[in-house]
Amino acid sequence: MEDGVLKEGFLVKRGHIVHNWKVRWFILRQNTLLYYKLEGGRKVIPPKGRILLDGCTITCPCLEYENRPLLIKLKTQTSTEYFLEACSREERDAWAFEITGAIHAGQPGKVQQLHILKNSFKLPPHISLHRIVDKMHDSSSGIRPSPNMEQGSTYKKTFIASRLEAMTLASMLMEENFLRPVGTRSTGAIRSGDLAEQFLDDSMALYTFAESPKRRISSKEEISLSTVELSGTVVKQGYLAKQGHKRKNWKVRRFVLRKDPAFLHYYDPSKEENRPVGGFSLRGSLVSALEDNGVPTGVKGNVQGNLFKVITKDDTHYYIQASSKAERSEWIEAIKKLT
């Protein structure tokens, strides 16, 4: 990394005027978070904009967008709000921790306190939040949502949390976007940014399920994808630039590598639906790094290095760019293990 750079990489940013979502390359420095437009999957100088961190507040997790559970919200001294989305929970938390450290650079005790608090909300790895939510939805033994009133407004299909031992679990479920707050009391707690007080043991705080399990699968095609291609264990995920097959232009996609069965899928991070726009089986595939001395045959556009190629069993060629040589090596090694 360059001198003074605390962290850099791809994040998806919400636009200020038109609230669309676009991938930007972010560079975090001690007092500033810079973001750049992309060409060929890499940054274009000068920066597109900058976020001054002095006096900034950070909210992570940010649950203001139901279909984007991996958000960080930054609010500047001038009350400008920035919404940034990471590719995974781990990457989101890494960005949040580094940004928090930059905001509170003069208060190391505060940074350590926030780090300890964040780690205190981790569940054991053998506990599946998906299974817990399915049990909560169970019609006979789960939670039965009902109409509730708050400050004169009636909210349908909500429930009240009042058991102290459920607070940590409920906070985790909200963090992963299985539950969401409804009404003034609970949404106000979310916006406070204090993780310990985000899920309230309060009879006036209302919550609802973020989505119905019946709506998770809506077509025969999605059932096929979910049960076969998307059933494998996630091994690795991250933002990479991919060359299109027809127009040969470069776009950043969120790649997800799964095993058992071995598939590599890619998603459009500007879209809210969590559905792959493409993918392929890795069985019988070949993966290799492409040298940076000249543009290889088959590669077009503004290429800025760190290239690798995947050739599938049916001889389809995928050209992909990582953000660094180290990241490229990590992806190649992870893919090779599944071919």
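Values in this text are rule-based calculations from the coordinates and carry no lab data. These figures come from a predicted structure and were not determined experimentally. Every residue, glycine among them, receives a Cβ derived from its backbone with ideal geometry; neighbour counts consider all protein chains shown.
Below, the figures for the structure above:
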item	result
Scattering profile of the stretch 5-107 at q = 0.21 Å⁻¹ [log10 I(q)/I(0), Debye over alpha-carbon scatterers]	-1.17
Paramagnetic label zone (point 7 Å from Cα along Cα-to-C-beta, K37; backbone N under 19 Å) in the stretch 256-271	270
Net lengthening on full extension, V234/E291 (0.36 nm per residue, minus Cα-Cα)	17.7 nm
Highest average packing first - 314-320, 32-38, Cβ atoms within 10 Å	32-38, 314-320
Dimensionless Rg/Rh of the stretch 227-337 - Kirkwood Rh, Rg from C-alpha atoms	0.94
Estimated FRET transfer efficiency when R0 is 30 angstrom, pair K313-R89 (beta carbons, to 0.05)	0.40
